[in-house]
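Take a look at the structure below.
The values are calculated or read from the model by the stated rules, or taken from the named source; none is laboratory data. None of these values were measured; they are calculated from a predicted model. No Cβ is skipped: glycine too gets one built from the backbone with ideal geometry, and neighbour counts run over all protein chains shown. Just so you know, the surface numbers come from the protein's heavy atoms only, side chains and all, with ligands and any DNA or RNA stripped out. Shrake-Rupley method; radii C 1.70, N 1.55, O 1.52, S 1.80 Å.
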There are 2 protein chains.
Amino acid sequence: MPELRKDPISGRWVIISIERGKRPTDFSMRVSPKKGGFCAFCEGNEHTTPPEILAFRPDKDKSNIPGWTLRIVSNKFPALHIEGQLNRVGEGIFDKMNGIGAHEVIIETPEHNLTLSTMPLKSVEDVLWAFHYRISDLKKDSRFKYVLVFKNEGDNAGASLEHTHSQLIALPIVPHLVQEEIEHARDYYNYKERCIFCDIIHQEAISKTRVISENEDFISLAPFAPRSPFETLILPKRHESNFMPNSKFSLLAQILQRTLKQIDKVLNLPPYNMIIHTSPFKEETNDYYHWHIEIKPKLITIAGFEWGSGFYINPTSPEEAAKFMREAEI
Amino acid sequence: MPELRKDPISGRWVIISIERGKRPTDFSMRVSPKKGGFCAFCEGNEHTTPPEILAFRPDKDKSNIPGWTLRIVSNKFPALHIEGQLNRVGEGIFDKMNGIGAHEVIIETPEHNLTLSTMPLKSVEDVLWAFHYRISDLKKDSRFKYVLVFKNEGDNAGASLEHTHSQLIALPIVPHLVQEEIEHARDYYNYKERCIFCDIIHQEAISKTRVISENEDFISLAPFAPRSPFETLILPKRHESNFMPNSKFSLLAQILQRTLKQIDKVLNLPPYNMIIHTSPFKEETNDYYHWHIEIKPKLITIAGFEWGSGFYINPTSPEEAAKFMREAEI
């Protein structure tokens, strides 16, 4: 069973996933995912993954056989385990709990060679529906406080399989970074009686220098203080605290795919990480936090200064990045 | 001039270092440092670096010529600039300031093929003295609130030059992560009237499972909740809030080199980052914060989950890591 442990000095929790247990010599043997070999996520290989939690397929009576357009399965090497009761205990001055959680993989398409940028728009929309269904379901489990949806694209961004997929982890605690954003947003709201994200969107839409694109409901922009080059945010233009009550996924799919195409074009198919930040279950509907998608191309190495300070040195201004993105011919 | 910008949502500052300005195509061309080619840090090439800020050499009247054992120079591509007045301004709801700071490089030895683990112990001690002298000097500059000393060893840990060196950056603000540690330590002190680090050292010294080694003044240990495998802390056993009032560098050099030798042995010369965390200038001597060195071998990829949550998934338990380190034959 994995363990959640809290560092008393930083207040940060970590997952000690001993079953993934690595001995020192394992680290030097890290290999890149094989290109073109056997793929457990391809159609026909359904029996090689854990069983389906959910799948989109015309014949709804079938499962774990070909004929699907999207599949969700448990992660074969889960960071957290779904079975068991949450058990918080101390170890002297330290705090820990057993590693309860859900760790699922969204196989976005049966086609090995497609990506979120190149698949049909309808498939991108389905991926968003899949996130929505799984969050709605996991929310019913009272052990969980948050579901983090994320995607690692490319070996250098941490993807261990080439076939395009997203993941989600349901957690018994609200993650540190989300909590930090919520606290700042709440402070701002208490002071201004306005959502800080709404204010940012308003200001950016006037200045335009960091706006990348927009449609009726969404805006994509380079944040004022990005940690790394070409970091991009996608936000709903009207206040929405959680992903995503109105389920208008077609316009979100449109701007998401457009943004990824721009990134692929400008940076030549870089590895990237994508994350959805939304309000925790307990305060799902509120006036101060505003859900959003963060996309972070993996272009620079995080080194000692960043690890030690939490400061980031970014060699590309967001104004320049936004300009490149806007001008990309996609 | 670089710019410091604050992200209003996370509260995190970033350095937009536009002079290091990178165009999109630069990122795909990242090359590893050349092995065995020309090295600006080797003896005889002093004229190819910025002028010496400080050097250790028998003939103290000379500078910028061979005959030194350690040199400190400005970083040729500084993240922050030393000239100018601090100027905080708003840009609508955003906050920024000009990028004032010092960015220095400590060339730890003239010998290209030595490292902190393999150089004579006396040279390690000199490196610590160099940190001490530079912090003491930069403290006099009222624009600075903090000096972060760090080291990137190996290309994958962000070192752009092979020749062993450390760096320091003097900052006009206390870094986010240090501030966070200080706040937690202060909360603990307010509640317990004891330093949390002292309590940790006390508990670890009894349980022994995470202790790696110790000498009269220092202890090295695997923290209870490490972000990544083989993360290691070195702390003074008796309470000291800042690096390092009594200047007893010989015992620190001893445990530091021993720890690095253990890491090199167990993990086969891994890339790593090393950081010194100390109290900010304004509260240099206090009862709640305890300076320490963090060493973080670079063994795993930071991916979407970590970026989005601030949670880390660590596949090696600190108890196992400490055992490997203790048993390493060095």
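Once the stretch A:287-330 is narrowed to residues that are closer than 13 Å to residue A:232 by Cβ and touching a His at 6+ places or on another chain (Cβ under 9 Å), the residue that is nearest to the other protein chains (Cβ to nearest Cβ) is A:294.
Annotation: residue B:28 fulfils all but one of (1) at pLDDT below 90; (2) surrounded by 17 or more Cβ atoms within 10 Å (Cβ to Cβ); (3) of a type in the set (S, T, N, Q); the unmet one is (2). When restricted to residues that are crowded, with 22+ Cβ neighbours inside 10 Å and among the charged types (D, E, K, R), the stretch B:90-125 contains 2.
Scan the stretch A:285-294 and tell me whether some residue there is among the hydrophobic types (A, V, I, L, M, F, W, C) and closer than 16 Å to residue A:221 by Cα.
Checked against the condition, which is being among the hydrophobic types (A, V, I, L, M, F, W, C) and closer than 16 Å to residue A:221 by Cα, the stretch A:285-294 yields at least one hit.
Would you say residue A:329 is of a type in the set (Asp, Glu) and in contact (Cβ under 8 Å) with a residue 60 or more places away in the chain? It is true that residue A:329 is of a type in the set (Asp, Glu) and in contact (Cβ under 8 Å) with a residue 60 or more places away in the chain.
Among the conditions (1) surrounded by fewer than 17 Cβ atoms within 10 Å (Cβ to Cβ); (2) closer than 21 Å to residue B:315 by Cα, residue A:133 misses just one, which is (2).
Of all residues in the stretch B:91-111, those that are within 19 Å of residue B:160 (Cα to Cα) have Cβ atoms under 6 Å from Cβ atoms of residues that are among the hydroxyl-bearing types (Ser, Thr, Tyr) and open to solvent by less than 10 Å² (accessible area, probe 1.4 Å), 6 or more apart or on another chain, in B:106/B:166; B:108/B:164. Here is the figure for the stretch A:39-81: residues that are within 20 Å of the chain's Cα centre (by Cα) and in a loop (DSSP other than H, G, I, E, B) total 7. Kindly establish whether residue B:151 is touching a helix residue (DSSP H, G or I) at 6+ places or on another chain (Cβ under 8 Å) and open to solvent by 10 Å² or more (accessible area, probe 1.4 Å). No; evaluated as a whole, the condition is false for this residue.
Among the conditions (1) touching a strand residue (DSSP E or B) at 6+ places or on another chain (Cβ under 6 Å); (2) under 24 Å from residue A:252 (Cβ atoms); (3) within 14 Å of chain B (Cβ to nearest Cβ); (4) among the hydrophobic types (A, V, I, L, M, F, W, C), the only one that residue A:80 does not satisfy is (2).
Of all residues in the stretch B:200-209, those that are more than 11 Å from chain A (Cβ to nearest Cβ) and either on the phi > 0 side of the Ramachandran plot or among the acidic types (Asp, Glu) (or both) total 1. In the set (1) within 13 Å of residue A:49 (Cα to Cα); (2) within 13 Å of chain B (Cβ to nearest Cβ); (3) not polar (S, T, N, Q), residue A:97 fails one condition alone, (1).
Does residue A:304 satisfy the condition of being at positive phi and either at pLDDT 95 or above or in contact with a Leu (Cβ under 9 Å, 6 or more places away or on another chain) (or both)? No. Whenever a residue of the stretch A:116-130 is over 10 Å from residue A:70 (Cβ atoms) and without any contact (Cβ under 8 Å) to a residue 24 or more places away in the chain, its partners that are aliphatic (A, V, I, L, M) and not in a helix (DSSP H, G or I), lying with C-beta atoms within less than 9 angstrom and at least six residues away or across chains, give the pairs A:120/A:114. Inspect the stretch A:210-223 for any residue being within 11 Å of chain B (Cβ to nearest Cβ), in contact (Cβ under 8 Å) with a residue 12 or more places away in the chain, out of contact with any Phe, Trp or Tyr (no Cβ under 9 Å at 6 or more places or on another chain) and not polar (S, T, N, Q) and give the result as yes or no. Yes, there is a match, as at least one residue in the stretch A:210-223 is within 11 Å of chain B (Cβ to nearest Cβ), in contact (Cβ under 8 Å) with a residue 12 or more places away in the chain, out of contact with any Phe, Trp or Tyr (no Cβ under 9 Å at 6 or more places or on another chain) and not polar (S, T, N, Q). In the stretch A:1-24, the residue that is modelled with the lowest pLDDT out of those that are in a helix (DSSP H, G or I) and facing another protein chain (nearest Cβ under 8 Å) is A:20. Any residue at all in the stretch B:66-89 that's open to solvent by 10 Å² or more (accessible area, probe 1.4 Å), of a type in the set (Asp, Glu) and in contact with a Leu (Cβ under 9 Å, 6 or more places away or on another chain)? The answer is no, given that none of the residues of the stretch B:66-89 is open to solvent by 10 Å² or more (accessible area, probe 1.4 Å), of a type in the set (Asp, Glu) and in contact with a Leu (Cβ under 9 Å, 6 or more places away or on another chain). The residues listed here are A:265, A:282, A:296; of these, the one that is modelled with pLDDT of 95 or more and over 29 Å from residue A:162 (Cβ atoms) is A:282.
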